[in-house]
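Since the structure comes first, as structure tokens, the remarks are kept for the end.
The values are calculated or read from the model by the stated rules, or taken from the named source; none is laboratory data. The model shown is predicted, which means the values in this text are computed figures rather than measured ones. Reconstructed Cβ throughout: ideal geometry from the backbone, glycine too, with neighbour counts over all protein chains shown. Quick note on the areas: whole protein, heavy atoms, side chains included, nothing else; ligands and nucleic acids left out. Shrake-Rupley method; radii C 1.70, N 1.55, O 1.52, S 1.80 Å.
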Amino acid sequence: AHTTTRPALVTTHTVRTLFVMFAHRLLFTSSTTSALLRNSLATQRVSPLVSTLSKRSYSSKEKTLVTLIPGDGIGPEISEAVIEIFEAAKVPVAWDPVNVAFPEGVTPGPGELLAPEVHTSFLKTRLGLKGPLGTPIGKGHVSLNLALRKTFNLFANVRPARSIPNLDFGYNNVDVVVVRENTEGEYSGIEHIVKPGVAQSIKLITKEASLRVAKHAFEYAVAQKRDRVTAVHKANIMKMSDGLFLEACDEAAAGFPMIKYDKVTLDNACLLLTKDPSLLDVMVLPNLYGDIISDLCAGLIGGLGLTPSANIGDGAAIFEAVHGTAPDIAGQGKANPTALLLSGVMMLRHMGLHKHAKTIHGAALKILGSKNPKLLTGDLGGSASTKNFTAAVIKEIPKLLTGD
């Protein structure tokens, strides 16, 4: 009796959970979204940075409108730094600043994960730059980062990790890219209590999502003139779920014969990266593995404070700093804006603004590799404030423009 009733309980609960999630997604992307877009934003409370930016005058005729989510903690400070650098480089973008979280005292309705202004802005721009967002651990809190990815179907998280010249963190030959499936796997949010003391989380892998992210990895490799894609997996243990992921990767690889393709287990990939990062190039992974490996790669080049990130969907993209909100230094002017700045550079390349991207990237690398403690922030061993670092980058921009 024990062996027959428990599977029935789990299967029934799992089916019910999947149905509820599917119904929730349909509700949120249709009628709920329409209702949200009709809500007045006049009473919404916004951060000081959002209020300040809203008063700025931009001409939208020659500029691309970009949704700006300053984020929490140090987010507003590093967002302001990026804005100033973009303005100095005369980047043709106009910012539409919004808050993701609901204002204090406002109770979200059923299925509402993000503040209405996020939908209003992003459905208009389809392009965003995002600072760090904080999510309390446990207790049923929804990750706003996860909510953004799922709401706007941003299926691929692209995280390049490249050694910065003259910044020594033990490796100087890192040049890898993690392409992580962003919508399912262990992060599908399907979990429940089987009985007191026993919790179960469902790992959901689909052929459709796996094939989509695998194709994106190969397309990225072609576009960036890279020659190899490696599928990272644990199909030796999870033969059905990771086996399906590998099947999708194999199928995608067949369409790109010009790109070398191989498969490596997750544990072996970690070993190769720490032994010699040059042994890997572009990696495509299911959600959880990508989360782990991307942070490992960030550690090889100096940490998340130096690592850009992009979340790519069909006709939509959000570029973000993936480090934490650093509440211990928030408001003190000590934050390093590099991760968000380099994410902005990725965004400019995505927009086809390659000259602006090259200029800003070059200026940032010049300061980061200067070894001047007066220009580097505390996390890099320097004493510079966020404003000092920003001013130093801005000072390099005219030199690069002249040289060009």
- Does the stretch 281-299 include one or more residues that are touching a His at 6+ places or on another chain (Cβ under 9 Å) and small (G, A, S)? yes
- Task: Look through A209, A156, A161 and report the one residue that is without any contact (Cβ under 8 Å) to a residue 60 or more places away in the chain and either over 16 Å from the mean Cα position of the chain (by Cα) or open to solvent by less than 40 Å² (accessible area, probe 1.4 Å) (or both).
- Result: A209
- Checking S385 against (1) surrounded by fewer than 16 Cβ atoms within 10 Å (Cβ to Cβ); (2) more than 20 Å from the chain's Cα centre (by Cα), which single condition isn't satisfied? (1)
- Looking at (1) closer than 28 Å to D276 by Cβ; (2) open to solvent by less than 60 Å² (accessible area, probe 1.4 Å); (3) in contact with a helix residue (DSSP H, G or I) (Cβ under 8 Å, 6 or more places away or on another chain), which is the only condition H216 fails? (3)
- Item | the stretch 280-306, residues that are among the β-branched types (V, I, T) and either open to solvent by less than 10 Å² (accessible area, probe 1.4 Å) or touching a residue at least 40 places away in the same chain (Cβ under 8 Å) (or both) | V282, V284, I293, I301
- Looking at the stretch 345-361, is at least one residue among the small types (G, A, S) and buried (at least 22 other Cβ atoms within 10 Å of the Cβ)? no
- Query: Could you list, in sequence order, the residues of the stretch 219-271 that are among the small types (G, A, S) and either in a helix (DSSP H, G or I) or surrounded by fewer than 16 Cβ atoms within 10 Å (Cβ to Cβ) (or both)?
  - Reply: A221, A223, S241, G243, A248, A252, A253, A254, G255, A269
- Wholly within the stretch 161-213, strands (runs of 3 or more DSSP E) carrying at least 2 residues that are acidic (D, E): 175-181
- Consider A335 against the criteria (1) open to solvent by 20 Å² or more (accessible area, probe 1.4 Å); (2) modelled with pLDDT of 95 or more: it satisfies all of them except one. Which criterion is unmet? (1)
- State whether one or more residues within the stretch 99-119 are touching a strand residue (DSSP E or B) at 6+ places or on another chain (Cβ under 9 Å) and without any contact (Cβ under 8 Å) to a residue 40 or more places away in the chain. no
- Message: Looking only at the stretch 78-99, filter to residues that are surrounded by fewer than 20 Cβ atoms within 10 Å (Cβ to Cβ) and in contact with a Lys or Arg (Cβ under 8 Å, 6 or more places away or on another chain); which one of those is farthest from K358 (Cα to Cα)?
- Response: A94
